[in-house]
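To keep things clear, I will list the structure first and then write my remarks on it.
The values are calculated or read from the model by the stated rules, or taken from the named source; none is laboratory data. Here the structure is a predicted model, which means the values were calculated and not measured. Note that each Cβ is placed from the backbone with ideal geometry, even for glycine, and that neighbours are counted across all protein chains shown.
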Amino acid sequence: MKDYHYYFRDMYHHGEYVEFEGKKLVCELSSRFGMNQEFEGIISSDLIEIQTMYKEYVEEDYELGNVKLHFEYNGELAQDGYILQIEQETITVFASNKRGIKYAIDALGLLLEPCEKGLRLPKATIHDEPSFPIRGIIEGFYGVPWSFEDRMDSIDFMSKHRMNAYMYAPKDDEYHRELWREPYPAEEFDKIRQLKQHCDKHQVDFFYCISPGKDMKFTSQDDFALIQQKLKSMMDIGIRNFAILMDDIDYVLKEENKNFLGRAGVAHAYLVNEINRYLKQELYQYQLVMCPSEYWSYWDTEYKKDIRGLMDPEVLVFWTGYFVFAPTIDRTHAKNNREYYGHDFILWDNVPVNDADKDRIFLDPVRNRYSKLNQHGHVGFVSNPMNQWELSKISLVTLSHYMWNSERYNADYSWKLAIEQFAPDHVDSMTFFCRNNENRRLWFGKNEQLEQALKDRSMQEIDRHFKKFAEVLADLSGMRNEKFHVEVKPWFERAEMDIRLWHAILACENDPTDGNREKVREWVEKCSFCSVRIGSDMAMKAAQEWGYAKKQENKKETTHEELIESASSQSLS
């Protein structure tokens, strides 16, 4: 049996298996979960509907099952948690909500494996609960928003990876930010409706986010009425989760806003409380999240004092860690900032987002997050992915592991599993490509062997690297993933340019003629003006280190200590 102990929080298995004849698991269903017995999106009639890659194991038409499947309610389990008991003739699922039942059925699909008789399952008990009640994706980056197809696929992805929240907040959706007062055109609104329906089908909560902070008039009843109209239109299609985003604005109050409320923290608390009051009038059950203007930092401020003292206590607060792109989120930062804001947190982790590094792609795992954030007021964790949805999936698999079980999370092991899932027939090549495209804002590790080769002018070692890179590009070109090829194309082309630059450098090192030097200059110029770059940047580093290019032509990489110093010295105004 595959090792799924990392995937589940607790799994008890003593080496025994239950075997079934045939190619499909046929289940006879009984349930004491709810009197209405509605399991839409989980089961259909008396059939199990496994919404994972293992759907082929489920019989579509049968008379009697070869195993009994029983659902039972257990209110002591955490939200989305479940217990799965696999015995000789019965499989029992205990859960506190229907999403927990879905995750248990998904787990059952993962555990099924072929055997000589047909299929087998381990005789086992799994007790699985998440570290965070809210886990998911916030589409909150700048630049070209995802396509409708990408958004639909992201919901499928979240459902398969035990994430339960999709937060709609694309910065360049005009009706979310710049034109927040205006209603969505019918065609755009219908797409939001379809996204909400797709979320419902896959047990994912849809959060609609609005960003009125750039030009909100706090004295204007008309502005408040327009926000209410926008939110009401979302309520009418079943949305019950909302966020008010006040990030990335000039939040110094001016003119009538200043005369009316005095300070930004007071104004933002006032705005959120008014919206919260409206939601209470309209909805019996809902969630409201606020993103403050000071969404990063790790010290107390007047703004935070106003939020903790004035904003309704049930409203959740986003933060990104001690920096916009935080290399580390440790216990001290989490504990202190939770106390400074006085509200429960959702960590908005800017991993693997690349809107501040449009020339780069980030294919590494999330690292250096405190394993017990949930013990310091963190009830949620959401990832802000890249503009390139398909390329975001590798990092997002690792994030999904952290969100579900932060205490056990192992970055490198999760990275390995993510790559195996993303490119099962090209694991070695994809691993190499990912290692050459790590996020240098968050991970400062380097290939020490190659760095030493640069210093020693070891041509052979660096040449091996680029020969390997050429083999990797050739192998990955055979991947059966059209979306991957569309998104990665600029970086494949840049990698080929880097290889050509290295060949020119190698030729010049062996024969430093004017013609060879000119060839190096030609490729240095092409690489310098290329709109994208490979993270390891080895060819340009060699050109700079050995005098073929000026060092300032390459972007300077910031160290962890420099980020901390920068954060401490920046003015929050």
Can you tell which of Asp248, Asp223 is surrounded by fewer than 19 Cβ atoms within 10 Å (Cβ to Cβ), of a type in the set (D, E, K, R) and outside any helix (DSSP H, G or I)?
Asp248
State yes or no: is Ile419 in the same structural domain as Lys160 (by TED's automatic domain parsing), of a type in the set (Val, Ile, Thr) and in a helix (DSSP H, G or I)?
yes
Mind checking whether some residue in the stretch 143-150 is buried (at least 18 other Cβ atoms within 10 Å of the Cβ) and touching a Leu at 6+ places or on another chain (Cβ under 8 Å)?
no
In the stretch 207-264, anything in contact (Cβ under 8 Å) with a residue 60 or more places away in the chain and either touching a helix residue (DSSP H, G or I) at 6+ places or on another chain (Cβ under 9 Å) or over 19 Å from Lys304 (Cα atoms) (or both) is listed as Phe207, Cys209, Gly213, Asn241, Val252
Which of the residues that make up the stretch 436-472 are of a type in the set (D, E, K, R) and assigned to a helix (DSSP H, G or I)?
Glu448, Glu451, Lys455, Asp456, Glu461, Asp463, Arg464, Lys467, Lys468, Glu471
Selection status of Ala334, buried (at least 16 other Cβ atoms within 10 Å of the Cβ), touching a His at 6+ places or on another chain (Cβ under 6 Å), assigned by TED's automatic domain parsing to the domain that holds Asn374 and in a helix (DSSP H, G or I)
yes
Could you grab me the full set of residues in the stretch 178-220 that are in a loop (DSSP other than H, G, I, E, B) and among the β-branched types (Val, Ile, Thr)?
Val204, Thr219
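Condition test on Phe148, is it more than 20 Å from Phe422 (Cβ to Cβ) and assigned by TED's automatic domain parsing to the domain that holds Gln375?
In short, yes.
Matching residues to (1) in contact with a Lys or Arg (Cβ under 8 Å, 6 or more places away or on another chain); (2) at pLDDT 95 or above; (3) not assigned by TED's automatic domain parsing to the domain that holds Tyr270:
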| residue | (1), (2), (3) |
| --- | --- |
| Glu302 | yes, yes, no |
| Ile307 | no, yes, no |
| Tyr322 | no, no, no |
| Asp344 | yes, yes, no |
Exactly one of (1) modelled with pLDDT of 95 or more; (2) outside the structural domain of Met167 (by TED's automatic domain parsing) is unmet by Arg441. Its number?
(1)
Given the criteria in the same structural domain as Gly15 (by TED's automatic domain parsing) and surrounded by fewer than 18 Cβ atoms within 10 Å (Cβ to Cβ), does Lys102 qualify?
no
Loosely packed, with under 15 Cβ neighbours inside 10 Å, in a loop (DSSP other than H, G, I, E, B) and in contact with a helix residue (DSSP H, G or I) (Cβ under 9 Å, 6 or more places away or on another chain): is that true of Ser536 in this structure?
no
Run Val382 past the list (1) surrounded by 23 or more Cβ atoms within 10 Å (Cβ to Cβ); (2) outside the structural domain of Val204 (by TED's automatic domain parsing); (3) β-branched (Val, Ile, Thr) and report the number of the one that doesn't hold.
(2)
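For the stretch 451-462, which residues satisfy the criterion of being more than 21 Å from Asn437 (Cβ to Cβ) and loosely packed, with under 15 Cβ neighbours inside 10 Å? Before you say what the answer is, go through the steps one by one.
Step one: list which residues in the stretch 451-462 are more than 21 Å from Asn437 (Cβ to Cβ), which gives 452, 455-460.
Result: Gln452, Lys455, Asp456, Arg457, Ser458, Gln460.
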Cβ-Cβ distance below 9 Å, separation of 6 or more or different chains: which pairs start in the stretch 275-286 with a residue that is of a type in the set (Asp, Glu) and end on one that is assigned to a helix (DSSP H, G or I)?
Glu282/Gln228; Glu282/Leu231; Glu282/Lys232; Glu282/Met235
Scanning for something assigned to a helix (DSSP H, G or I) and in contact with a Phe, Trp or Tyr (Cβ under 6 Å, 6 or more places away or on another chain), does the stretch 280-294 turn up at least one residue?
no
Can you go through Asp173, Asp128, Asp80, Asp153 and tell me which one is at pLDDT below 95 and either over 14 Å from the mean Cα position of the chain (by Cα) or surrounded by fewer than 20 Cβ atoms within 10 Å (Cβ to Cβ) (or both)?
Asp173
Looking at this structure, is Gln203 of a type in the set (S, T, N, Q) and modelled with pLDDT of 95 or more?
no
